[in-house]
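Colleague: Below are the structure tokens for one structure; questions will follow.
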Amino acid sequence: MRSKKKVVIQHLAEKFGLVPKSKHQRITLQLADKLKTDVHNFYQRDDISYQLPGKRDTVVVKDDDGKKVTYQKRILINNLRETYEFFKDENKSVDLSRSSFADLRPVFVVSKSALAHRNCLCVYHENVRLLLKDVDKYVDGTHCSSLSTFTDSLVCSTNNEECMFGCCSICKDFFSENIQENVSNSNSKITWS
């Protein structure tokens with residue numbers, strides 16, 4: 001700890017130009033260009049975001065060379081936190097914070113909330129999301145943390161039509177095994193109003 005006298009003298013000396021002003025430079029680590037392009041390409045994958053079909057759904061971005069490039073808008077399928085978790089699952093060796101991951105998101109890839117008027121918020125579809133949010137509090141594990149993880153815990157494959165329609169003999173008991181048996185308090189009752 002520096003004494004108060006020393007701090008005052010240092011300040012006065014800097015103020016009157018007797019000593020050069022101290023410069024506090026923040027040291028930042030630069031991300032590799034390959035990592036930046038990997039994250040950029042990850043955001044543009046069809047299982048992460050979907051492209052809007054409209055003629056006016058475009059964004060004009062200045063390239064590094066100063067040229068204007070037009071991109072079609074893309075909407076993230078999941079929220080940013082879930083998208084980051086998908087990226088970390090696929091790239092376990094990469095050390096990248098969620099804030100840096102969010103900063104690397106291309107301008108033309110936007111979240112669902114940016115286009116709220118296009119999302120269905122009817123009672124049936126919004127209630128599923130809200131219901132899962134409450135059920136997640138009572139089920140151990142991450143089976144109910146999002147709609148995609150909930151669906152993955154109920155079926156063998158989300159790409160298999162038999163599984164998704166409940167006709168698969170392998171995953172017919174997944175609900176009782178993954179959800180019902182992991183209820184933390186069986187006496188608690190969830191009411192929905």
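Colleague: Which of the following residues is under 23 Å from the mean Cα position of the chain (by Cα) and among the hydroxyl-bearing types (Ser, Thr, Tyr): 3, 93?
Modeller: 93
Conditions tested, residue by residue: (1) farther than 23 Å from residue 107 by Cα; (2) aromatic (Phe, Trp, Tyr); (3) assigned by TED's automatic domain parsing to the domain that holds residue 87; (4) in contact (Cβ under 8 Å) with a residue 40 or more places away in the chain.
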site: 9; (1), (2), (3), (4): yes, no, no, no
site: 18; (1), (2), (3), (4): yes, no, no, no
site: 43; (1), (2), (3), (4): no, yes, yes, yes
site: 49; (1), (2), (3), (4): no, no, yes, yes
site: 56; (1), (2), (3), (4): no, no, yes, no
site: 68; (1), (2), (3), (4): no, no, yes, no
site: 72; (1), (2), (3), (4): no, no, yes, no
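Colleague: Then there's this: Can you tell me which residue among 183, 139, 135 is in contact with an Asp or Glu (Cβ under 8 Å, 6 or more places away or on another chain), modelled with pLDDT under 90, farther than 28 Å from residue 53 by Cβ and hydrophobic (A, V, I, L, M, F, W, C)?
Modeller: Criteria check complete, one pass: 183.
Colleague: May I pose another question? Restricting attention to segment 96-116, report how many residues are over 11 Å from the mean Cα position of the chain (by Cα) and assigned to a helix (DSSP H, G or I).
Modeller: 7
Colleague: Just need a number here: residues in segment 130-149 that are surrounded by 12 or more Cβ atoms within 10 Å (Cβ to Cβ) and part of a helix (DSSP H, G or I).
Modeller: Of the residues in that region, 8 qualify.
Colleague: Mind listing just one residue for me: the one in segment 76-125 that is at pLDDT 90 or above, within 17 Å of residue 45 (Cβ to Cβ) and polar (S, T, N, Q) and, of those, surrounded by the fewest Cβ atoms within 10 Å (Cβ to Cβ)?
Modeller: Applying the filter and picking the extreme gives 91.
Colleague: Tally up the residues in segment 154-169 that are of a type outside the set (S, T, N, Q), assigned to a loop (DSSP other than H, G, I, E, B) and more than 20 Å from residue 141 (Cβ to Cβ), please.
Modeller: Of the residues in that region, 4 qualify.
Residue by residue, here is whether (1) surrounded by 10 or more Cβ atoms within 10 Å (Cβ to Cβ); (2) among the β-branched types (Val, Ile, Thr); (3) at pLDDT 85 or above holds:
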| site | (1), (2), (3) |
| --- | --- |
| 20 | no, no, no |
| 46 | no, no, yes |
| 63 | no, no, yes |
| 67 | no, no, yes |
| 74 | yes, no, yes |
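The values are calculated or read from the model by the stated rules, or taken from the named source; none is laboratory data. Source: prediction; values computed, not measured. Glycine also receives a Cβ, built like all others from the backbone with ideal geometry; neighbour counts cover every protein chain displayed.
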